[in-house]
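Novice: Take this structure first; my questions come after.
The values are calculated or read from the model by the stated rules, or taken from the named source; none is laboratory data. Values in this document were obtained by computation on a predicted structure and should not be read as measured data. Positions of Cβ are generated from backbone atoms using ideal geometry, with glycine treated the same way; all protein chains shown enter the neighbour counts. Just so you know, the surface numbers come from the protein's heavy atoms only, side chains and all, with ligands and any DNA or RNA stripped out. Shrake-Rupley method; radii C 1.70, N 1.55, O 1.52, S 1.80 Å.
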Amino acid sequence: MNESTAVPTPAKNDENFWTAVMTPVEPAWSEPADDDTFTMDEKVLDAVRALAERISTRALAYRTAGEPFDPALMAAPDVQLATLRALYEAKRSVDRLAESAATAAGRSGASYTQLGAAWGGIKRQSARLKWPHAVVKRTAGESIPLRYAGGSAVIHHDPDLDAWWYTATAADMREEESEAVHATSAEAIARATEFLLTHARPARPESV
């Protein structure tokens, strides 16, 4: 039987939505096929080339002269150096996004063994060294810090209501404070993560 058919798929307005979302699915993923990885390479290369053209000195000269930047110019060694610099930035982006994903998963109950398996099969100890703050031991009711998508949140427990709530500041500097209505810390983390992801792009400065 196809494993996906056993995964519940409630709509977001369903009362069981967050319970279903925060219940881990096993296995969490299927191994990407060659076509998947080739497609990923193409999309990464598109993003890298766009950045390389923005930072390339030669490309700037063409823009200043009002001349089109022919794709053949990508063969220039200086443009390839700009591409290499753009690839470094892509690697930094991957590292930031991986830390965000590992932290969100770890704070929601994933173990270092699971994080390591997702990251190409590295060992639990290596995953702990790579993301030392992703999985934390805490006592019941202790506040939980979370960083995701360039923003941060803190998940709190209200002992009087026996419910969880969060405060969050997203990458675009928007802030949100929820009501203490979440039944579990995992649900509050999921809601905070959703908010941070929705406002992941920093606000652009207004042009003068």
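Novice: Per residue of the chain, what 222 nm ellipticity follows from adding -39500 (n - 2.57) for every DSSP H run with n ≥ 4, rounded to the nearest 500?
Specialist: Numbers: 7 runs with 94 residues, N = 208.
So the helix-based figure for the chain works out to -14500 deg cm²/dmol.
Novice: Leaving ligands, DNA and RNA out of it, work out the accessible area of I122 with a 1.4 Å probe and give it in Å² to the nearest 10.
Specialist: 50
Novice: Are there any trypsin sites (Lys or Arg not before Pro) in the stretch 8-58 that are in a DSSP loop and have at most 13 other Cβ atoms within 10 Å? List them by number. Could the numbers behind the result be given before it?
Specialist: Values: sites: K12, K43, R49, R54, R58; in loops: K12.
Answer by residue number: K12.
Novice: To continue, here is another question. So how far apart, in nm, are the two label points at S152 and K137 if each is 7 Å from Cα heading toward Cβ?
Specialist: In this crude label model, S152 to K137 measures out at 2.5 nm.
Novice: If I compute solvent accessible area with a 1.4 Å probe over the protein chains, what percent of it on the chain is carbon and sulfur?
Specialist: Numbers: 8000 of 14440 Å².
On the chain, the fraction of accessible area on carbon and sulfur atoms equals 55 percent.
Novice: Same structure again: Hey, what's the chain come to in accessible area per residue, 1.4 Å probe, Å²?
Specialist: Values: 14440 Å² over 208 residues.
Spelled out: the 1.4 Å probe surface of the chain, per residue, equals 69 Å².
Novice: Multiply the residue gap between D41 and D162 by 0.36 nm, knock off their C-alpha separation, and tell me the result in nm, one decimal place. Walk me through the numbers on the way to the answer.
Specialist: Working: separation 121, 0.36 × 121 = 43.56 nm, distance 4.70 nm.
Once the chain is fully extended between D41 and D162, it gains 38.9 nm.
Novice: Given a 10 angstrom Cα cut-off, can you work out which residue in A190, A20, A75 is the most mobile in a GNM of the chain?
Specialist: Top of the fluctuation ranking is A75.
Novice: Now for a different question. May I ask you to derive the FRET efficiency for Y62 and E194 from their Cβ-Cβ distance with R0 = 41 Å, giving the value to the nearest 0.05?
Specialist: Details: r = 42 Å, r/R0 = 1.03.
So the FRET efficiency works out to roughly 0.45.
Novice: Once you order the gyration tensor axes a ≥ b ≥ c over the Cα atoms, which shape class does the stretch 95-208 get: rounded for a/c under 1.5, otherwise prolate or oblate by comparing a/b with b/c?
Specialist: Numbers: a/c = 2.68, a/b = 1.11, b/c = 2.42.
Oblate shape, in that a/c is at least 1.5 and b/c is the bigger or equal ratio.
Novice: Let me ask something else about it. Which of the trypsin sites (Lys or Arg not before Pro) found in the stretch 94-147 are loop residues per DSSP with 14 or fewer other Cβ atoms within 10 Å of their Cβ?
Specialist: Details: sites: R96, R107, K123, R124, R128, K130, K137, R138, R147; in loops: K123, K137, R138.
Hits after loop and neighbour filter: K123, K137, R138.
Novice: Between I55 and A11, how many nm apart are label points set 7 Å from Cα along the C-beta direction?
Specialist: With each label placed 7 Å out from Cα toward Cβ, I get 4.5 nm.
Novice: When only Cα pairs under 8 Å and 6 or more residues apart are kept, what is the percent relative contact order across the stretch 84-142? It would help to have the intermediate numbers written out before the result.
Specialist: Working: 41 pairs, mean separation 19.3, N = 59.
33 percent.
Novice: Now a separate question. Report which label in [x] 24, 21, 16; [y] 39, 23, 17; [z] 38, 17, 15 holds the value of semi-axes √(5λ) of the Cα gyration tensor in Å derived from the coordinates of this structure.
Specialist: This structure yields the entry labelled [y].
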